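Structure record follows, encoded as structure tokens.
The values are calculated or read from the model by the stated rules, or taken from the named source; none is laboratory data. Note that this is a predicted model, so its numbers are computed, not measured. All Cβ positions, glycine included, derive from the backbone under ideal geometry; neighbour counts span all protein chains shown.
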Amino acid sequence: MTNQEMKQRLDCIIEGIREKYHVPSIVVSVHKDGESFFCGGGLANVEENVPADENTIYAIASASKAFIATAVCILCDEGKCDLDKPVKAYLPDFEMYDSYMTEHLTVRDALGHRSGLPRHDIMWLNDRDITIYDVVHRLRYLPPAFEPRARMHYQNMMFTLATVLTEKLSGQPWQDFVTERILKPLGMTRTYLKASDYRGKVPNQAEPYRYRDGQLERMEYNDISHLGSCGCISSTVHDLDRWARLQLGRGQFEGKRVFSEKMADQLHCPQMIIKPGEMAPYGFEEVDFTSYGQGWFIESYRGHKLVHHGGTIDGFKSLVGFLPGKGVGFSVLSNLERNQSPAALGYIICDLALGLSEIDWAGRFWDVMENMRRQAQEQEKKIEDAIKNAPAQSRPNADYAGEFFHPGYGRLTVREQDGGLVIHILCKDMPLRPAGYDLFMADARSDGAGYVPVRFDYDLTGAVVSLSAPLEPMCAPIVFDKQK
Amino acid sequence: MLDIKKAQAALENILKKSHAPSASVTVYDNGKIVSLNAGLRNVEENIPTDEDTMYAIGSSTKAFVAAALCILCDDGKLTLDDPVKKHIPEFEMYDSYVTENLTVRDILCHRCGLPRHEFTWYPRMESITPAELVHRLRYLKPSAPFRYTMQYQNHMFLLAGYLVQRISGQKWEDFVRERIFKPLGMDPVNFNAARDMAAYPRAARGYSYDSETGETKRMAYKDIEVMGAAGSINSTTRQMAKWVALHLNEGKVGDTQVISQKMIRECHKHQMVIDDFGTGKVFEGYTALPAYGLGWFIESYRGRKLVHHGGNIDGFSAMQCFLPGTGFGMSILTNQNASTANNAIMYTLIDLYFGDEAVSWVDRLEDFYADMRKSAKEAREKARAETPENAPPTFALEAAAGTYENPGYGELVLTVCSGKLNVEWGSMEVVCEHVSYNHFELSAPVFGTAFPASFETDAANRVVALHADLEPAIKERIVFKKIR
């Protein structure tokens, strides 16, 4: 298939997916046979009718991880960093919850999701007035869910750690280092490392949307600059095409060497096995040998080695990938919450580029997502039924109100409002619905998080002393102490 | 479908080029069994091999021990994630954290941090017990952090066999006989080459080929019962094909579920990544994403998932393999020490079976090892050329005579015999040559390797210790203190 033919076929497929998934815009870059092309379209901004093209800026979310992993590898090339050295050798104040990991966690462990730490995402979603340094400081208060290095578990904060490490070892703000060492040599001129550098300032940017109950709704832009390079980069498919070509070129882009082939091996070769069910809820027979390198996922797709990383954040979904040794690289950007078009298109691009039979990936992912939606709805329904039939709460509302604190997760406030209770969590007020005695359900449905159980505990005198909530499902409920 | 004529011709070609005296192959293809045989099981007596000829399967044994522990998991006696110490309270490793945290899964997938440390047991396998070797694990230094990299070794499988005994109350051999061989109807099969295989009338003799002289020499049967769980089984390809079929049929033979589907899948699942940078040019472009399961290697071979485990023990090289989901597997047994034939036969017959373009695997492998031998020889000659001539030791050789001990490696005795140092180290033949000053070289012809060694003297110029570079993965030499 020539690139021209492939572009035509892809445009047609993308149109179909946009319609099926209700995605305002999907744009794609493909590099094949030594040439790149762009396709897709739709609206970057529905209200203002701004069309999307290869220069439209989208949040790429977790596809940012490979940038900081690459930055660390550049520092390794310079002899400033060693993947197998404990992080503590570079950051003496570094501390994890588990003292063994404090001493032994290496840079490779951090970039390979094997620290034993689960996501603890509510911690950084809840507390936004913190810096990357605060996030790293709070690691000591976040319990692990797994034995060190026993299994891969995807999370974000180890990449915040890598961001801090990059600053320490380069002596520069990480944005400056990534700009000078990666963005500039690649000519990635519309890639932004901080939302405040471009939001509302440059033309042609995509807005985040969600599709709910048959309606397309604009979402608020979620600025997660306080997390560093685990998910805060924004870019275009024009720029990500260059990024994919750099990775495909094992560190070399248009004759310029950005990082060594030796480090390319570290980035793109499996370091940590991902067992079926550990990462994604679906097991497709075409996909096997799933693993994580450093900032990249690696798998065997229909017998071909595929390296990729996607990203998910409020109203955006992205994917960057390449087929090592086959000269194929691609990127997909879209502006609809939790839509699986990037994942589907990634495989479709591989099928077309490799000349394999076409598979209805859009249909398959749709079925998976529908199934998950149904299950979530059933779960919600169960909780709602439980709330309806719940026994009365044990104490008057006023007894539960107060400020609650956890050193890792920060502050939660419970207040009385309109005869009920609300909890201030994730930077917003959510109703607390009584679910019997001292158990309440925080209604996070508007955030797509269903109901979160919140339980209050009191001392021998009957005074409420703490609140606990399973904010990290892999760990025991997180306990917040009531502040005097 | 396997073209039998072509397969037979390929087999004969591989024997010719690898100089292996014989090979027997039994193919299991979706319920059907076909055997291919070539060469002589006994060269001196000119006896051809067949599928009922007994060979040593070497490390292919590991999968049986892993399966035995999985069966005990099915019985509810343990789980893969139990710490070993839970079942062996006195268990101890060099690193106390590993002592507490090493799990059953860890010991079956080569991630405990230990390198091979082969000379702890090989020289004295006739005089030491498994329990004693398990006890001595506490003296063996790791070469990698816990669960950090896959390092193939034998000690953890010795431990696995010992664990079977501690949990079931039966020797691991008896357990495997009763729970695996019996339901599979595997007979003949035994666990001792020196005693049982030697007494079996249809046994192959083991041979080694010297590429320098072009000579094939008979090797003695080795009693490796002490390290048995890492490699002591002897059987025929007709019997071993039943074992391969058990894996393809997910633990079931007839109506009997020998091992649950859940646990047998656990054996074939990727558990630990194997670095795939530097596997050598020999497999480049053909194999990818190598990993270790539980007692099995897993790789993507020309895009297909291949599960296999070879075995090398004095005079024999083996290979058991299958491609999950295809119904195709093989047992391959040869009577050549450190042969290329077992690997060459596996890949060649897989290519033939799937109709893939033929690759001359035997040539590629032979060339690869010839290059390796050549560069090792050159490196050794270069090192020799750089050492000063006529630089005698700083002590009289007689001063070095005596008994030396290392708590992990045991005892060795040095004597002086016609002006040279003579090493008595259990049943292993060791040659000791002077290099310069207090530096010597120990070589073990059975392994075809040489190790630098030096003597430590005290202030009074008395020889107090021998430092030998017996474990290449560890920088520090193994120190044997002179005790008598």
Please indicate, with yes or no, whether at least one residue in segment B:181-195 is part of a helix (DSSP H, G or I), surrounded by fewer than 17 Cβ atoms within 10 Å (Cβ to Cβ) and modelled with pLDDT under 95.
yes
Within segment A:277-289, the residues that are within 12 Å of another protein chain (Cβ to nearest Cβ) and touching a Ser or Thr at 6+ places or on another chain (Cβ under 8 Å) are A:V287, A:D288, A:F289
Test set (1) away from chain A (no Cβ under 14 Å); (2) free of Cβ contacts under 8 Å to residues at least 24 places away in the same chain; (3) under 27 Å from B:H155 (Cα atoms) - B:L289 fails condition number
(1)
Selection within segment A:5-24 - over 23 Å from A:E35 (Cβ atoms), of a type outside the set (D, E, K, R) and surrounded by 14 or more Cβ atoms within 10 Å (Cβ to Cβ):
A:I17, A:Y21, A:H22, A:V23, A:P24
Which residue pairs have Cβ atoms closer than 7 Å, lie 6 or more positions apart in sequence or on different chains, and pair a first residue in segment B:367-388 that is farther than 18 Å from B:K17 by Cβ with a second residue that is among the polar types (S, T, N, Q)?
B:T387/B:S436; B:P388/B:S436
From the residues in segment B:293-305 that are touching a residue at least 24 places away in the same chain (Cβ under 8 Å) and buried (at least 22 other Cβ atoms within 10 Å of the Cβ), which one is nearest to B:D351 (Cα to Cα)?
B:Y301
Which of the residues that make up segment A:415-466 are small (G, A, S) and in a strand (DSSP E or B)?
A:G420, A:A442, A:S466
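What number of residues in segment A:119-149 are more than 23 Å from A:A89 (Cβ to Cβ) and either among the small types (G, A, S) or more than 14 Å from chain B (Cβ to nearest Cβ) (or both)? Lay out the reasoning, then the answer.
Narrowing segment A:119-149 to residues more than 23 Å from A:A89 (Cβ to Cβ): A:119-130, A:143, A:145-146.
Those still in the list that are either among the small types (G, A, S) or more than 14 Å from chain B (Cβ to nearest Cβ) (or both) too: A:119-130, A:143, A:145.
Qualifying residue count for the region: 14.
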Going by the conditions given, is A:G116 in a loop (DSSP other than H, G, I, E, B), at pLDDT 95 or above, surrounded by fewer than 21 Cβ atoms within 10 Å (Cβ to Cβ) and small (G, A, S)?
no
Number of the exception - A:V307 against (1) under 20 Å from A:C350 (Cβ atoms); (2) in a loop (DSSP other than H, G, I, E, B); (3) within 12 Å of chain B (Cβ to nearest Cβ); (4) in contact (Cβ under 8 Å) with a residue 40 or more places away in the chain:
(2)
So, of the residues in segment A:172-222 that are of a type in the set (S, T, Y) and in a loop (DSSP other than H, G, I, E, B), which turns out to be surrounded by the fewest Cβ atoms within 10 Å (Cβ to Cβ)?
A:T189
Regarding B:E51, is this residue within 14 Å of another protein chain (Cβ to nearest Cβ), of a type outside the set (A, V, I, L, M, F, W, C) and not in a strand (DSSP E or B)?
no
Residue that is farthest from the other protein chains (Cβ to nearest Cβ), among those in segment A:96-108 that are under 13 Å from A:M157 (Cβ atoms) and out of contact with any strand residue (DSSP E or B) (no Cβ under 8 Å at 6 or more places or on another chain):
A:Y97
Which residues, counting only those in segment A:324-342, are of a type in the set (V, I, T) and either closer than 23 Å to A:D367 by Cβ or within 14 Å of chain B (Cβ to nearest Cβ) (or both)?
A:V332
Of the residues in segment B:244-265, those that are part of a loop (DSSP other than H, G, I, E, B) and either facing another protein chain (nearest Cβ under 10 Å) or touching an Asp or Glu at 6+ places or on another chain (Cβ under 8 Å) (or both) come to B:I259, B:S260
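Kindly evaluate B:Y409 against the criterion of being under 28 Å from B:D458 (Cβ atoms) and not hydrophobic (A, V, I, L, M, F, W, C).
Numbers: under 28 Å from B:D458 (Cβ atoms): yes; not hydrophobic (A, V, I, L, M, F, W, C): yes.
Criteria met by B:Y409.
Is there a residue in segment A:316-323 that is outside any helix (DSSP H, G or I), out of contact with any helix residue (DSSP H, G or I) (no Cβ under 7 Å at 6 or more places or on another chain), at negative phi and within 14 Å of chain B (Cβ to nearest Cβ)?
No, segment A:316-323 contains no residue that is outside any helix (DSSP H, G or I), out of contact with any helix residue (DSSP H, G or I) (no Cβ under 7 Å at 6 or more places or on another chain), at negative phi and within 14 Å of chain B (Cβ to nearest Cβ).
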Of all residues in segment A:429-463, count the ones that are crowded, with 21+ Cβ neighbours inside 10 Å, in contact with a Pro (Cβ under 8 Å, 6 or more places away or on another chain) and touching a residue at least 40 places away in the same chain (Cβ under 8 Å).
3
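Could you say whether any residue in segment A:331-344 is farther than 24 Å from A:G42 by Cα and in contact with a strand residue (DSSP E or B) (Cβ under 9 Å, 6 or more places away or on another chain)?
Kept after step one, since they are farther than 24 Å from A:G42 by Cα, are these residues of segment A:331-344: none.
Within segment A:331-344, not a single residue is farther than 24 Å from A:G42 by Cα and in contact with a strand residue (DSSP E or B) (Cβ under 9 Å, 6 or more places away or on another chain).
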Among the residues that make up segment A:137-153, is at least one of them free of Cβ contacts under 8 Å to residues at least 60 places away in the same chain and closer than 24 Å to A:S334 by Cα?
no
A:Q266 being in a helix (DSSP H, G or I), away from chain B (no Cβ under 14 Å) and touching a Leu at 6+ places or on another chain (Cβ under 8 Å):
no
For segment A:329-414, give me every one of the helices (runs of 4 or more DSSP H) that falls completely inside it and has 3 or more residues that are surrounded by fewer than 17 Cβ atoms within 10 Å (Cβ to Cβ), touching a Gly at 6+ places or on another chain (Cβ under 8 Å) and at pLDDT below 95.
A:361-388
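Output yes when any residue across segment B:97-117 is of a type in the set (D, E), over 21 Å from B:M197 (Cβ atoms) and either buried (at least 17 other Cβ atoms within 10 Å of the Cβ) or within 14 Å of another protein chain (Cβ to nearest Cβ) (or both), and no when none is.
Filtering segment B:97-117 down to residues of a type in the set (D, E) leaves B:100, B:106.
This time we only want the ones that are over 21 Å from B:M197 (Cβ atoms), so: B:100, B:106.
Right, trim to either buried (at least 17 other Cβ atoms within 10 Å of the Cβ) or within 14 Å of another protein chain (Cβ to nearest Cβ) (or both) and you get B:100, B:106.
Checked against the condition, which is being of a type in the set (D, E), over 21 Å from B:M197 (Cβ atoms) and either buried (at least 17 other Cβ atoms within 10 Å of the Cβ) or within 14 Å of another protein chain (Cβ to nearest Cβ) (or both), segment B:97-117 yields at least one hit.
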Determine the pairs where a residue that is farther than 29 Å from A:D84 by Cβ, located within segment A:275-296, has a partner that is among the β-branched types (V, I, T) and modelled with pLDDT of 80 or more with Cβ atoms under 6 Å apart, the partner being 6 or more residues away or on another chain.
A:Y282/A:V368
When A:Y90 is evaluated against the numbered criteria (1) in contact (Cβ under 8 Å) with a residue 60 or more places away in the chain; (2) within 11 Å of chain B (Cβ to nearest Cβ); (3) of a type in the set (F, W, Y), which criterion, by number, is the only one it fails?
(2)
Can you work out which of the residues in segment B:266-286 that are at the interface with another protein chain (Cβ under 9 Å from one of its Cβ atoms), crowded, with 17+ Cβ neighbours inside 10 Å and in contact (Cβ under 8 Å) with a residue 60 or more places away in the chain is farthest from B:D371 (Cα to Cα)?
B:Q271
For segment B:310-332, name all the residues that are of a type outside the set (S, T, Y), within 14 Å of the chain's Cα centre (by Cα) and either crowded, with 22+ Cβ neighbours inside 10 Å or within 14 Å of another protein chain (Cβ to nearest Cβ) (or both).
B:G311, B:I313, B:G315, B:F316, B:A318, B:M319, B:Q320
Pairs returned, first residue in segment A:394-414 that is closer than 28 Å to A:V136 by Cα, second residue that is hydroxyl-bearing (S, T, Y), beta-carbon separation under 6 angstrom, 6 or more apart or interchain, are A:E403/A:T413; A:P407/A:Y141; A:G408/A:Y141; A:V414/A:Y400
